[in-house]
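Presented below is the structure to which this report refers.
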Amino acid sequence: MSRPRILVVNPNSNPAVTQGLEDALKPLGFDGGPELVCQTLAEGPFGIESQADVDGVAMPLRRLVEGDNSSAAFVIACYSDPGLQVCREGTDRPVFGIAECGVLTALARAETFGVIAIAQRSIPRHMRYLRQMGLTERLAGERPLNMSVAETASGDGTLAKMIEIGRALRDEDGARAIVMGCAGMARHRRPLEDALGIPVIDPTQAAVTMALGAVQFSAH
């Protein structure tokens, strides 16, 4: 029998982000387990940094999911969870959004959490989503890096800025866990956690972990 596949979709068209996802997910691969495949959405913008970007990739994601008859589960690897509900309508297989999974994982690790956003204008969009989820009371705070997605994925000085923001979330806002609010931050999870001394959640790792559980249990 062939191994079941989990498709992790980077909805922006930046291959450096996709490579960062592949590197971050390597610890989740194991012999006999589902195959983890990362794919770049060619139709996506270079970075998803506005509501227009979020809305613009929803239907291309839906078409990708609907046309894929091989994957056992899907992960949308963008912290805005673009197209999550419309993709769920398009398949009977599980579809995971990294923001939803990242926040739920943080809540399993700590009473309060903070979010590192890529930019100030991302925060109102994230807050709307948290209100929909009914989880704002456990949010300690959200602070921006004020960088682009591309800079978080491959720019210099990103980790130092994330440590600065993470310390403010921990010491000033009272966060007891940190969620990285962009898939492009994936390569910084471990050094950021080492620097802060509290759990740091890479939301893509969190979502793929949930997808692994769903796929494995459906097969046994």
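The values are calculated or read from the model by the stated rules, or taken from the named source; none is laboratory data. Predicted model only: the values in this text are computed from it and were never measured. Here Cβ is always computed from backbone atoms with ideal geometry, including for glycine, and neighbour counts include all displayed protein chains. Accessible surface is based on the protein model in full, side chains and every heavy atom, while ligands, DNA and RNA are left aside. Shrake-Rupley method; radii C 1.70, N 1.55, O 1.52, S 1.80 Å.
For the stretch 56-74, check the following and say yes or no: at least one residue is outside the structural domain of PRO144 (by the TED database), surrounded by 19 or more Cβ atoms within 10 Å (Cβ to Cβ), modelled with pLDDT of 95 or more and within 13 Å of the chain's Cα centre (by Cα). So far as the stretch 56-74 goes, yes, one or more of its residues are outside the structural domain of PRO144 (by the TED database), surrounded by 19 or more Cβ atoms within 10 Å (Cβ to Cβ), modelled with pLDDT of 95 or more and within 13 Å of the chain's Cα centre (by Cα). With respect to (1) surrounded by 22 or more Cβ atoms within 10 Å (Cβ to Cβ); (2) in a strand (DSSP E or B), the lone exception for ASP81 is condition (2). Could you list, in sequence order, all residues of the stretch 48-93 that are of a type in the set (D, E, K, R) and within 22 Å of PRO34 (Cα to Cα)? Selection gives GLU66, ASP68, ARG88, ASP92, ARG93.
The number of residues in the stretch 164-188 being at pLDDT 95 or above, buried (at least 17 other Cβ atoms within 10 Å of the Cβ) and in a helix (DSSP H, G or I) comes to 4. For the stretch 2-11, state whether one or more residues are open to solvent by less than 10 Å² (accessible area, probe 1.4 Å), within 30 Å of ASP156 (Cβ to Cβ), at pLDDT 95 or above and not aliphatic (A, V, I, L, M). Checked against the condition, which is being open to solvent by less than 10 Å² (accessible area, probe 1.4 Å), within 30 Å of ASP156 (Cβ to Cβ), at pLDDT 95 or above and not aliphatic (A, V, I, L, M), the stretch 2-11 yields at least one hit.
Residues in the stretch 89-116 that are among the β-branched types (Val, Ile, Thr) and either free of Cβ contacts under 8 Å to residues at least 40 places away in the same chain or within 12 Å of LEU135 (Cα to Cα) (or both): how many? Matching residues across the stretch 89-116 total 4.
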